[in-house]
1. So which residues in the range 192-202 are surrounded by 15 or more Cβ atoms within 10 Å (Cβ to Cβ) and either more than 18 Å from residue 295 (Cβ to Cβ) or of a type in the set (Val, Ile, Thr) (or both)?
2. Might you let me know whether the range 91-103 holds any residue that is within 19 Å of residue 57 (Cα to Cα), part of a loop (DSSP other than H, G, I, E, B), assigned by TED's automatic domain parsing to the domain that holds residue 144 and free of Cβ contacts under 8 Å to residues at least 40 places away in the same chain?
3. When the residues of the range 142-164 are filtered to those that are in contact with a Pro (Cβ under 8 Å, 6 or more places away or on another chain) and surrounded by 14 or more Cβ atoms within 10 Å (Cβ to Cβ), which remaining residue is modelled with the lowest pLDDT?
4. Considering the range 210-251 alone, what residues qualify as being crowded, with 19+ Cβ neighbours inside 10 Å and within 25 Å of residue 82 (Cβ to Cβ)?
5. Considering every residue within the range 278-293, establish whether at least one is aliphatic (A, V, I, L, M), crowded, with 22+ Cβ neighbours inside 10 Å and at pLDDT 95 or above.
6. With the checklist (1) buried (at least 22 other Cβ atoms within 10 Å of the Cβ); (2) within 20 Å of the chain's Cα centre (by Cα) in hand, flag the one item residue 99 doesn't pass.
7. Give the range 132-143 a look and list any residue that's without any contact (Cβ under 8 Å) to a residue 40 or more places away in the chain and either over 23 Å from the mean Cα position of the chain (by Cα) or not in a helix (DSSP H, G or I) (or both), or say none.
8. Taking residue 197 and the conditions (1) in the same structural domain as residue 22 (by TED's automatic domain parsing); (2) not in a loop (DSSP other than H, G, I, E, B); (3) not β-branched (Val, Ile, Thr), which numbered condition does it fall short on, given that it satisfies the others?
Amino acid sequence: MSLFERVHMPSFVGATGWLNSEPLDAADLRGRVVLVNFWTLTCINWLRQEPYVRAWSRAYRDDGLVVIGVHTPEFSFEHEVERIRPAVAAREINYPVAIDNDYGVWSAFANHYWPALYFVDREGMISDQHFGEGRYEQSERVLQQLLGIEREPVSVEGVGIEAPADWDNLRTPETYLGSARGERRTTGEPRLNRWSLSGEWTSARENVVADEAGASIAFRFHARDAHLVLSPGAHGPIPFKLSLDGEAPGAARGGDVDADGAGELREGRLYQLIREPGLIRERTLEITFLEPGAEAYAFTFG
């Protein structure tokens with residue numbers, strides 16, 4: 001959207017709840033510059049963008065900027081407020097968050113992406129928008145222009161799950177596992193960018209569900225980071241074991257496993273399985289669930 005195609009910011013009346021704020025609407029925000037950020041808690045692209053949005057909120061709040069997060073769920077378990085609240089706390093988000101379980105705000109903005117940014121001027125008009133990661137310096141310049149200020153951009157360094165992807169070595173795409181959008185599944189030993197199941201599984205619309213202890217998923221990938229969106233469903237904590245090329249991951253372990261590959265599925269979220277500290281090359285990860293009930297939704301990479 002160019003600066004010459006400005007439209008009024010839609011209403012937030014479709015929100016089903018709010019965190020960190022009383023309900024807000026467009027009229028309440030007149031006279032303020034507003035940045036609206038659509039996100040969902042399992043989205044790796046949002047997790048890598050969030051350090052910038054958080055930094056902008058803190059740096060420009062006293063200049064008149066209001067950041068509003070809109071949590072619109074992608075997967076069914078993301079509708080649970082008790083899943084959203086810890087995600088807000090973990091990312092140290094202290095700006096208002098609209099809970100958009102019915103897609104009311106999403107539809108009002110005619111949005112189609114996670115993450116999405118909408119830049120709103122003091123007259124309540126959307127002046128710019130950006131979808132996905134990146135364009136951080138330009139986005140901050142847009143905010144400064146709308147606020148009528150000029151200064152050095154804020155310094156941002158994403159760490160852990162928020163660290164930028166290694167784009168030069170990322171050769172494996174996001175991959176969904178459920179029957180509605182499932183793709184790249186194979187049988188036997190998977191080749192690059194393919195995955196396979198071992199043991200007893202049920203294929204549901206948005207996930208695959210382990211029906212027995214020892215059920216596993218293998219994926220052949222080429223990336224520094226490998227993540228998997230998981231949920232225990234109605235079950236208690238589910239221990240799992242991760243291997244990389246048939247061995248313990250060691251120094252290549254992600255933030256949610258130890259060097260021996262042990263981890264525990266306790267709540268629905270994105271789990272970081274691998275962060276390769278050395279040469280990036282084709283590897284095969286296999287995650288084995290030691291109890292039944294694990295729900296696996298999508299692999300993402302970085």
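1. Taking the range 192-202 and keeping what is surrounded by 15 or more Cβ atoms within 10 Å (Cβ to Cβ), we get 193-197, 199, 201.
Passing the criteria: 193, 194.
2. yes
3. 158
4. 210, 227, 228, 229, 230, 231, 232, 238, 240
5. The initial filter retains those residues of the range 278-293 that are aliphatic (A, V, I, L, M), namely 279-280, 285, 287, 290.
If we keep only those that are crowded, with 22+ Cβ neighbours inside 10 Å too, we end up with 285, 287.
Filter again for at pLDDT 95 or above, leaving 285, 287.
Yes, that holds for at least one residue.
6. Result: residue 99 fails condition (1) only.
7. Let us first name the residues in the range 132-143 that are without any contact (Cβ under 8 Å) to a residue 40 or more places away in the chain, namely 134-135, 137-138, 141-142.
The answer is 134, 135, 141, 142.
8. Answer for residue 197: the failing condition is (1).
The values are calculated or read from the model by the stated rules, or taken from the named source; none is laboratory data. These numbers come from a predicted model, not from an experiment. Because the Cβ atoms are built from the backbone with ideal geometry, glycine has one as well, and the counts that use them run over all protein chains shown.
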